[in-house]
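A short worksheet on the structure shown next.
Read-outs throughout are calculated quantities, based only on the coordinates presented, and are distinct from any laboratory measurement. In this text the structure is predicted, and so the values were computed from the model without any measurement. Every residue, glycine among them, receives a Cβ derived from its backbone with ideal geometry; neighbour counts consider all protein chains shown.
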Amino acid sequence: MQDIAAGFQKQTGMTVKVIYGSSGNFFQQIQNGAPFDLFFSANLDYPKKLEATKLTEPGTYYQYAKGKIVFWVPNDSKVDISSGLRSLLQPDVKKVAIANPQHAPYEQAAVAAMQKENVYEEVKDKFVLGENISQTASFVVSGSADTGIVALSLALSPNMKDRGRYVEIPASDYPPIEQACIVLRSSKDKGTARQFLTFIKTAAVSDMLKKYGFDVDTGSQK
């Protein structure tokens, strides 16, 4: 998003203030009147629920990408990650960073994947919960947790890509992390918000999303 915002500013001269958090928390804040212009959600449900309650601008719902999750460890970790989530059962794994599944769609996917691999019950007492996926990543980068289940996009980001190792969790292990954005009725500058939404739909942004590991299927976006 930092790269996308910078690209938009370069093209239009307008700045974008990005506020990061969990999709569920933002959903609640928007329902309570938070004055955001656009909402980027890590799932489809929250934007659709806002649309159903007429808290959004008609015709602005846009499914922009599909995310992926990875099992990540720092470079100096002794954990062998070759067996994917089964690696969580190794004795060197004392703390596992995940985001709070109540608010974060990525971690709902992580829980589903751990259940599919039959490791959830054995490791759930080791969880260190982040408020969102970014905080979760910072826990494992800083050493507050031994391992983490984070977004592939974060594993590929400048802050993490040279600081650890990861293995992708098979997409068949969890429900699709389909992501959507929408312009909010609370926006004080709907014209600029719509302009940013148009920018999100460009090939340049699609290429940027792919660089960070997202699946982008422009044919199915609505």
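How large, in Å, is the chain by the Kirkwood hydrodynamic radius built from its alpha-carbon pairs? Mind showing how you got there, number by number?
Values: mean 1/r = 0.0552 Å⁻¹.
Result for the chain, one decimal place: 18.1 Å.
Quick check for segment 172-216: number of Lys pairs with alpha-carbon distance under 26 Å, counting only pairs 8 or more apart or on different chains? Mind showing how you got there, number by number?
Working: Lys188/Lys201; Lys190/Lys201; Lys201/Lys210; Lys201/Lys211.
Total qualifying Lys-Lys pairs in segment 172-216 comes to 4.
Could you tally the net charge around Leu152, taking each other residue with its Cβ under 9 Å from the Cβ of Leu152, Lys/Arg +1 and Asp/Glu -1? It would help to have the intermediate numbers written out before the result.
On the way: positive: Lys68; negative: Glu168.
Its environment carries a net charge of 0.
Give me the log10 of I(q) over I(0) for segment 136-222 at q = 0.16, 0.25 Å⁻¹, as the Debye formula computes it from C-alpha points; what are the numbers? The calculated log intensity ratios at q = 0.16, 0.25 Å⁻¹ are -0.85, -1.23. Here segment 85-155 is treated as a sphere whose radius is the Kirkwood value from Cα pairs; by Stokes-Einstein at 4 °C and 1.567 mPa s it diffuses with a coefficient of 110 µm²/s.
On a full-extension model of 0.36 nm per residue, what is the gain between Glu122 and Ala5, subtracting their alpha-carbon distance, rounded to one decimal in nm?
Details: separation 117, 0.36 × 117 = 42.12 nm, distance 4.11 nm.
Using 0.36 nm per residue and subtracting the Cα-Cα distance, I get 38.0 nm.
In this Cβ point-charge picture (+1 for Lys and Arg, -1 for Asp and Glu), segment 16-67 has a dipole of about 80 debye about its Cα centre.
Per-residue ellipticity at 222 nm, computed for the chain from helices alone with -39500 (n - 2.57) per DSSP H run of at least four residues, works out to -10000 deg cm²/dmol.
Using a cutoff of 8 angstrom between alpha carbon atoms and counting only pairs six or more residues apart, the relative contact order for segment 69-125 works out to 32 percent.
How charged is the neighbourhood of Glu117? Take every other residue with its Cβ under 12 Å from the Cβ of Glu117, and add Lys/Arg as +1 and Asp/Glu as -1.
Details: positive: Arg86, Lys116; negative: Glu121, Glu122, Asp173.
Local charge sum for Glu117: -1.
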